[in-house]
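Enquirer: Quick one: the structure is below, questions incoming.
The values are calculated or read from the model by the stated rules, or taken from the named source; none is laboratory data. Since the structure is predicted, the reported quantities are computational estimates derived from the model, not experimental observations. All Cβ positions, glycine included, derive from the backbone under ideal geometry; neighbour counts span all protein chains shown.
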Amino acid sequence: MDNKSTRRHFVKGLGVTAAALNFQVVPSRVFGANDKITLAGIGTSGKGASDISGSAGAGFQITHLCDIVDSDQYPNERGGSYAKTRGNYPDAKFYQDWREMLEQEGDKIDAVTVSTPDHVHAHASIAAMKKNCAVYCQKPLTHGIWEARQLTRIADETGVVTQMGNQAHAQDHMRRVVELVRAGLIGEVREIHAWTNRPIWPQAMPKWPEAEPVPKHINWDLWLGPAPFHEYSSKIAPFKWRGFWDFGTGALGDMACHIMDCAFWAAELGSPTSVSAVSADGRGALSDVAPPTWATINYEFPGKGDTPIKFVWYDGYKDAVFNEEKWNLESSIDGGKIRERNLPPEDILEGQGFTEKKDGYGSIIIGTEGKIFFNRTHDNWFVKPGSVMDGKSIEKTLLRARDEDPHKEFYDAIAAGKPENALSGFWHSGKFTEMVLLGNLAVRLNKKVEWDGENLSSPNSPEAAKLIKREYREGWELTV
């Protein structure tokens with residue numbers, strides 16, 4: 001047994017005997033400095049910085065850091081949050097290439113966080129799992145549908161603990177709503193609506209930005225990774241990549257894994273039978289470069305009997321147009337701030353006043369007996385009519401995360417040796433990500449897409465194959 005296996009066997013042996021008590025997973029002892037579960041952070045700024053910090057707070061020992069940005073080469077002394085992260089963990093070994101880090105140090109790493117742009121998620125996560133590392137990967141789990149299926153399969157084959165970074169999944173109020181819906185509080189689920197205030201970056205660009213010199217602190221080839229080659233531009237990285245199909249997944253990919261999660265989980269949905277979309281005034285995606293300015297996506301799932309379950313997603317602003325000179329979105333009305341939200345109709349919202357300032361996003365689960373209004377950032381969900389709650393006593397059935405913290409839930413599942421205790425593990429978030437990303441398939445094809453979930457194919461859209469499983473840049477082929 002190698003050192004890594006011995007350490008993991010020891011950690012697992014510390015198992016969580018109180019896992020079923022109070023629906024929490026709590027380590028039976030505090031690990032000493034030499035006993036902590038080791039973690040490598042892939043991506044160290046923005047969400048990467050918070051994932052690493054959250055992991056350290058959960059109990060992980062941060063032993064390795066990896067980023068395509070070398071803060072030592074940054075054009076100022078501070079080096080931004082990249083340097084701050086490195087300064088917070090001065091003993092952690094730093095790498096720019098996660099492949100090199102896993103190959104050379106994988107036997108010393110128990111877990112990784114993957115907090116990179118979407119197009120790298122699958123490659124880094126699969127490589128880590130094949131090194132027997134637990135994986136906490138940001139949402140959306142992958143850039144493509146086929147990739148999500150592979151992550152689910154490999155997580156099952158390796159038996160490592162996994163978790164997607166949709167944080168509210170660990171919060172008590174979401175788990176309580178899931179329990180209530182599954183217990184039949186609002187009857188049989190018939191319809192779901194979910195919306196977001198994204199994008200907050202440019203979309204609908206008809207062409208790629210002009211090339212710029214690559215800053216010396218950025219390894220652009222590593223940033224591109226498996227994606228098609230494009231010249232560097234500050235209009236792509238570090239933030240605006242979400243608005244390009246080759247790197248990001250638009251407003252849907254950014255927020256749906258947060259906002260659609262509660263309803264998908266509660267209604268115990270799987271693969272839809274079809275997905276259709278209306279976007280950018282019915283024109284579909286404006287180009288192969290970027291997602292449209294807004295989209296309404298309709299998923300249909302099998303329901304009981306002949307009644308399907310409808311799940312509708314809304315994103316963007318209907319008055320938004322792309323201004324190439326400013327390289328930003330502006331209102332088609334007066335060239336000012338975009339403001340015409342793409343939202344569910346008023347008979348669905350029922351005058352609840354979901355404004356951009358108060359609630360930039362939310363969801364409504366509609367059953368045969370009532371509705372549940374839910375927002376992932378608030379615990380004041382409510383039911384209409386309130387009478388459906390009368391005389392109801394519904395038991396807790398789901399585990400509760402320690403301190404409602406996803407990083408602590410991830411840590412505790414590793415300590416317990418129980419992948420099933422990380423409730424947004426790839427066994428859940430893989431099929432969920434597949435479903436979410438199907439919406440982009442309908443947007444890009446601009447047609448109703450019939451879906452065969454078992455075979456990851458569309459009977460009426462053979463042209464979808466190249467979008468379901470993309471080609472990778474030479475040298476970055478994904479071996480599964």
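Enquirer: Suppose we keep only residues that are within 22 Å of the chain's Cα centre (by Cα) and β-branched (V, I, T) within segment 443-480. Which one would you say is modelled with the lowest pLDDT?
Expert: Residue satisfying both the conditions and the ranking: V480.
Enquirer: Testing L437 on (1) under 21 Å from the mean Cα position of the chain (by Cα); (2) over 23 Å from A277 (Cβ atoms); (3) among the aliphatic types (A, V, I, L, M), one condition comes back false. Which one is that?
Expert: Only one criterion is unmet by L437, namely (2).
Enquirer: Quick check on my filter: what residues within segment 287-325 are of a type in the set (D, E, K, R) and within 13 Å of W195 (Cα to Cα)?
Expert: D315 - this is the single residue of segment 287-325 that is of a type in the set (D, E, K, R) and within 13 Å of W195 (Cα to Cα).
Enquirer: Got at least one residue in segment 62-83 being modelled with pLDDT under 95, within 24 Å of the chain's Cα centre (by Cα) and not in a helix (DSSP H, G or I)?
Expert: Yes: segment 62-83 contains one or more residues that are modelled with pLDDT under 95, within 24 Å of the chain's Cα centre (by Cα) and not in a helix (DSSP H, G or I).
Enquirer: Say whether the condition of being modelled with pLDDT of 95 or more and among the hydroxyl-bearing types (S, T, Y) is met by at least one residue in segment 11-31.
Expert: No, that holds for no residue.
Enquirer: Continuing with this model, one more query. Out of all the residues in segment 127-149, is one or more acidic (D, E), surrounded by fewer than 24 Cβ atoms within 10 Å (Cβ to Cβ) and in a helix (DSSP H, G or I)?
Expert: No, segment 127-149 has no match at all.
Enquirer: Restricting attention to segment 84-116, which residues are touching a residue at least 12 places away in the same chain (Cβ under 8 Å), surrounded by fewer than 22 Cβ atoms within 10 Å (Cβ to Cβ) and under 18 Å from G225 (Cβ atoms)?
Expert: Within segment 84-116, Y95, Q96, D97, R99 qualify.
Enquirer: In segment 181-190, which residues are buried (at least 20 other Cβ atoms within 10 Å of the Cβ) and within 25 Å of the chain's Cα centre (by Cα)?
Expert: Matches in segment 181-190: V181, V189.
Enquirer: Which one of D107, D91 is in a loop (DSSP other than H, G, I, E, B) and not polar (S, T, N, Q)? Please lay out each step first, then the result.
Expert: On the way: D107 fails: in a loop (DSSP other than H, G, I, E, B).
Answer to the check: D91.
Enquirer: Could you pull out the residue among A204, A194, A211 that is in a loop (DSSP other than H, G, I, E, B), in contact with a strand residue (DSSP E or B) (Cβ under 9 Å, 6 or more places away or on another chain) and small (G, A, S)?
Expert: A204
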